[in-house]
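Before any comments, here is the structure.
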Amino acid sequence: MRVLLVGAGGVGTAITRIAARRSFFEHMTVADYDLGRAETAVALLGESGARFGAARLDASDPAAVRAALAEHRCDVLLNATDPRFVMPLFEAALAHGAHYLDMAMSLSRPHPSRPYEKCGVKLGDAQFERAADWEAAGKLALVGIGVEPGLSDVFARYASDELFDEIEEIGIRDGADLTVEGYDFAPSFSIWTTIEECLNPPVVYEEDRGWFTTEPFSEPEVFDFPEGIGPVECVNVEHEEVLLVPRWLKARRVTFKYGLGDEFIGVLRTLHKLGLDRTDPVSVKSGTGAAEVSPRDVVAACLPDPAGLGERMHGKTCAGTWVKGVKDGRPREVYLYHVVDNQWSMREYGSQAVVWQTAINPVAALELLAEGVWGGSGVLGPEALPPRPFLDLLNEYGVPWGMREQ
């Protein structure tokens, strides 16, 4: 297997550090718009970096992506960029004849007149519209294979296969007790992506209603997270699992809730009120004349890079899937989860907990694809594939998952 990894930010760099310890691939080319960043990711691998190379690549240019796939003889494209670049990378991989993986799906657009009731363009719609073309090409686009979406979807499939006869609700619940020294506000993941998923209308699925939307931060609930994290208030946000799980699994309701906290929600609301969550460029005066700048990019530029926060970060992050239903005629509730301690991930891999937890899942998926354990064609989510090999492989990687009876 020869892999083109596009994106050498926090998650991309963590992917190289995890993959360097595995033998399933022949070569991985690390490509980024900033060549120096890609070269640094490879250089930091030291002697373990012999199977890696660096390249400059504009992820928004499908022709350039196709050329890179050909030049480096890659049969898989792994997208570690933000969601703006999903479609050009997705289309370039299909045109070249490469398999494709990502950790976030094509962007949504709210309903033009009833955004908090009806779905407009949903997350992933643009990709699923091309499913027949991927099937005809005999290639696989495995979408949403990070941690959330990704591992959370694998948990959902595992629960459906082995733990329940009927499922009332599948609810992804994400919480943490992470703190960052020296910053009043420092998101542990891309603020661009965080704004996108938190301020868009959240999507909920109900079997008798289909997909619908609500107000941002709706339906607050307190969820008790394991391994010492404790109770965290969680709210609805837009997320891929709600759009993926019902395509393959039967459940009466599917939700996604983040543990954000009042302060974080307040900052996001303020950004929205000021129009600083917008992605369309505005004209800004500069020393060299007017510049066209996206307000959201300005916000991102003013905040610290999440990849560089690891030394200042303390605590744990938890990703998991809560499932409620019936097994053998009896009510049952479980929480399947994965917890990462930032001190451990920094010590073992030099990557902060949130980006490391995201990165390990596409590496495990690549290994299963390389070994022929996972496979197929078309546009598939993680819940379309057998979960047990993936969960067993995580244990082999030394990052066990857990299950708690509620």
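The values are calculated or read from the model by the stated rules, or taken from the named source; none is laboratory data. All figures in this text were calculated on a predicted structure; none of them were measured in a lab. Neighbour counts are summed over all protein chains in view; Cβ atoms, including those assigned to glycine, are modelled from backbone coordinates with ideal geometry. Calculation scope for accessible area: heavy atoms of the full protein, side chains included, ligands and nucleic acids excluded. Shrake-Rupley method; radii C 1.70, N 1.55, O 1.52, S 1.80 Å.
Figures for the structure shown
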quantity: Dipole of segment 317-367, positive end: most advanced residue of 326, 351, 366 [Cβ charges, Cα centre]; calculated: 326
quantity: Choice from 275, 12, 49 with maximal GNM fluctuation in the chain (Cα, 10 Å cutoff); calculated: 275
quantity: Surface share of carbon and sulfur [accessible, 1.4 angstrom probe, percent] for segment 299-406; calculated: 48
quantity: Separation of alpha-carbon centers, segment 83-137 and segment 319-364, rounded to whole Å; calculated: 25
quantity: Debye intensity ratio I(q)/I(0), log10, the chain, q values 0.07, 0.14 Å⁻¹ (C-alpha model); calculated: -0.30, -1.36
quantity: Taking the chain and dividing mean pair separation by its residue count, relative contact order in percent (alpha carbons under 8 Å, at least six apart); calculated: 20
quantity: Cross-link pairs beyond the 21 Å C-alpha cut-off, checked among 118/257; 257/316; 118/324; 139/257; calculated: 118/324; 139/257
quantity: Mean accessible surface per residue for segment 33-124, computed with a 1.4 Å probe while every protein chain stays in place, in Å²; calculated: 47
quantity: Carbon + sulfur, % of accessible area of segment 102-182 - ligands and nucleic acids excluded, 1.4 Å; calculated: 41
quantity: Spin-label model distance (nm) - residue 302 vs residue 209, 7 Å beyond Cα toward Cβ; calculated: 3.7
quantity: Per residue value of the accessible surface for segment 311-406 (all protein chains in place, 1.4 Å probe), Å²; calculated: 37
